[in-house]
């Protein structure tokens, strides 16, 4: 009888699997991948979903009291996964969430009065 080795899952950046990424894409439609280097110049990866209106509202409410709290609300509600070091170190989490926040800002709209 021939032995077969179980297939190892394809591990992607941020120690996630292709199956996990596919599941996120199916559930959230779009997944945003961000890259950051830590103090040791190691490249780390984080994956986020775009916030819906309820998350945006919570972030806006939190930002009225504390900008850092707003970023934490955004992180907790949109972060899907990635390198664990990002979750553990405040400066990495702050930097990557700030970059994500900048990415999801409203796009310019052209207004024309007719």
Those residues of region 12-49 which are touching a helix residue (DSSP H, G or I) at 6+ places or on another chain (Cβ under 9 Å), exposed (fewer than 15 other Cβ atoms within 10 Å of the Cβ) and on the phi > 0 side of the Ramachandran plot amount to 15
Quick check: is even one residue across region 103-114 closer than 30 Å to residue 22 by Cβ and within 12 Å of the chain's Cα centre (by Cα)?
yes
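Test residue 77 against the criterion of being within 25 Å of residue 15 (Cα to Cα), surrounded by fewer than 19 Cβ atoms within 10 Å (Cβ to Cβ) and touching a helix residue (DSSP H, G or I) at 6+ places or on another chain (Cβ under 6 Å), and give yes or no. I'd like the intermediate steps shown before the answer.
Details: within 25 Å of residue 15 (Cα to Cα): yes; surrounded by fewer than 19 Cβ atoms within 10 Å (Cβ to Cβ): yes; touching a helix residue (DSSP H, G or I) at 6+ places or on another chain (Cβ under 6 Å): yes.
Criteria met by residue 77.
A short reminder: the numbers here are calculations on the coordinates, not readings from a lab. None of the values given here were measured: they were computed from a predicted structure. Don't worry about glycine lacking a Cβ; one is built from the backbone with ideal geometry, like all the others, and counts go over all protein chains shown.
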